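For reference, the structure is listed below as structure tokens.
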Amino acid sequence: MDVTTALQKFRELQETSHAYSHALGVLYYDGATTAPAASAAGRGRTMGTLAGIHYDLTAGEETIKLIDFLKAHLDELTDVQKREVTYFARDLEYTASIPKEEFVAYQVLLNDAEDVWRKAKNENDFDAFAPYLEKIFDTNRRFAGYYKPDMAPYDVLLNTYEHGLTMAQCDAFFAALREKVVPLLEKVVAAPKPDTSFLQGHFPLEKQRAFSDRLMELMKIDRSRCAIGETEHPFTTGFNNHDVRITTHYHEEDAVSSMYSVIHEGGHALYDMGSADEYEYTCLAGGVSMGIHESQSRFWENIIGRSEEFCALVLPVLQELFPENFANITPEQLYKAVNKSEPSLIRTEADELTYALHIMVRYDLEKALMEGSLTVKELPAAWNAKMKEYLGVDVPDDARGVLQDTHWAGGMVGYFPSYALGSAYGAQMLAKMKEDLDVSALISAGETDKIAAWLEEKLWRHGSRYDPDELFLRCCEAPFDPKWFTDYLTEKFTKVYNLV
Ligand SMILES: [Zn+2]
């Protein structure tokens, strides 16, 4: 085989791999949005079959040989081709290091675990879920050892969601956050609370759907490339840069919950749609890591969506659609209400200030479970103790405690830190953006497309061309420093709560 033939084969392989991912993605989206309840079993079979073929295709012997050949000829490739090969090889090497029977058994375990978790959460029965969780952590530890026997297992897992991330970096990041956020939160808790009563009421679903359209308009999202669906737990999925789907969940008594869901998922969608055409149908298409993805969704949700200027921009729309609640509200009242901060039990409902503390609880526990200093049996008590320590709240039951998230049931160990990192990345990106743009004025004028253009130029168009740390460095021209995030939070919440 010569290099040109190998490259041709590699391109075909990526195209076919993309086709399977596309089909699997559409099936997943369908299952989470409009498919009828009884469709799950049939869809599961189809997805199982497709996933099996996809596995053989991307991790089979022939593929391993092809990638090995290209890796031996890296110096004959262009920079982009080199990146394609090494980026593709990462996933391949991880999957190929796991014996196929164990890989398949793990997929079955995850499938069962998700059902058991859902039931355990509904019935507040941690003991029913514990054996599954134990197996999930054991398997992850074992798989990490197959892949990188010389690396700490939890570092291996952190790397699958944020390449280059280590426990040492996370420890430093969370310590810096804790040092600033905990005393700030104490002041916030002691201050008078903003009025949020007008955020509750009756908001008919039809009007909320119209509101979602208006929000996507304010974000200048190209609707010919982005559709919105309804689901239980909102998510975004992109098939290519011309076909991205966001989802939301409407609560009749609360219009703001869906509003921030739409803005958050819209941020993910913009990132996916901004990926350059030249990378489409290759492994370099779309966002590079969970942390960078969350930086974009949280940038739109919190930095833009919860700014004073955006509140002034969106208020007339709220007044038009829901006059009963918003007719007499000022932009300042809306701004303060949507930035209300208080310690709470549930991560997904946490505000911008307390959110990272929820992540720290999960980080400490995952790390201890992976290192073996904590057992699954001890987990609920450890969870409750951490919630008390970081947030000062008493956890009344496991359903609102250790059982609340789906991540561990889905095998996603090492994923949580990327949420907090994303928020912090975004604050440093904002500081850099302000050197080039008058961000406040642009939001006030409704010219968010100029903000999007900056992000597209610095981040989105690069797809997965660079690792997250390199992409960040190119964007911010400085290494990541949590100081920007803690400064941003301090300034914002001092203002919202009139602290001195
Ligand atoms: Zn997100």
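Based on the Cβ-Cβ distance of Lys432 and Ser21, what FRET efficiency does E = 1/(1 + (r/R0)^6) give at R0 = 35 Å, to the nearest 0.05? Each step should come with its number before you reach the end.
Working: r = 33 Å, r/R0 = 0.93.
Working from the Cβ atoms, E equals 0.60.
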Requested in this report: Taking H placed 1.01 Å from N in the peptide plane, check which residues at least 5 places from His251 or on another chain put their amide H under 5 Å from its amide H.
Outcome: Ser258
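Taking R0 as 35 Å, what FRET efficiency do you get between Ala37 and Asp222 from their Cβ-Cβ distance, rounded to the nearest 0.05?
Details: r = 33 Å, r/R0 = 0.94.
Once the sixth-power term is evaluated, E becomes 0.60.
Out of all DSSP beta bridges with both ends in segment 175-323, state the antiparallel percent to the nearest 5. Intermediate results must be reported in sequence, preceding the final value.
On the way: 6 of 11 bridges.
Of the beta bridges lying entirely in segment 175-323, close to 55 percent run antiparallel.
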**Report entry** Distance between modelled label sites at Glu93 and Ala51, nm, 7 Å Cα→Cβ extension
**Finding:** 2.5
Query - Too-long pairs where the Cα-Cα distance tops 22 Å, listed order kept, from Lys434/Lys458; Lys367/Lys388; Lys220/Lys495; Lys432/Lys483; Lys121/Lys377 - result: Lys220/Lys495
**Report entry** Full-extension gain in nm, Ser440 to Leu74, via 0.36 nm per residue minus C-alpha separation
**Finding:** 127.2 nm
Query raised in the report: In nm, what is the difference between 0.36 nm times the number of residues separating Asp397 and Glu61 and their Cα-Cα distance?
Result: 116.1 nm
Query raised in the report: Within straight cross-link reach of Lys82, meaning Cα distance under 20 Å, which lysines are found once same-chain residues fewer than 8 apart are removed?
Result: Lys9, Lys65, Lys71
Query - Label-point gap, in nm, between Arg209 and Ala385 - each point 7 angstrom along Cα→Cβ - result: 5.0
Requested in this report: Could you work out how far apart the two model spin labels at Glu342 and Thr494 are, taking each label as a point 7 Å from the Cα in the direction of the beta carbon, and quote it in nm?
Outcome: 2.5
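Order these peptides, 288-294, 142-148, by their mean beta-carbon neighbour count within 10 angstrom, highest first. Walk me through the intermediate numbers first.
Details: 288-294: 24.9, 142-148: 17.6.
Going by the mean number of other Cβ atoms within 10 Å, highest first, we get 288-294, 142-148.
Grab the beta carbon distance between Asp277 and Asn111, set R0 = 22 Å, and tell me the FRET efficiency rounded to 0.05. Working shown, then result.
Working: r = 36 Å, r/R0 = 1.64.
After rounding to 0.05, the efficiency reads 0.05.
Rule-based calculations on the coordinates, nothing more; no lab input. These figures come from a predicted structure and were not determined experimentally. Every residue, glycine among them, receives a Cβ derived from its backbone with ideal geometry; neighbour counts consider all protein chains shown.
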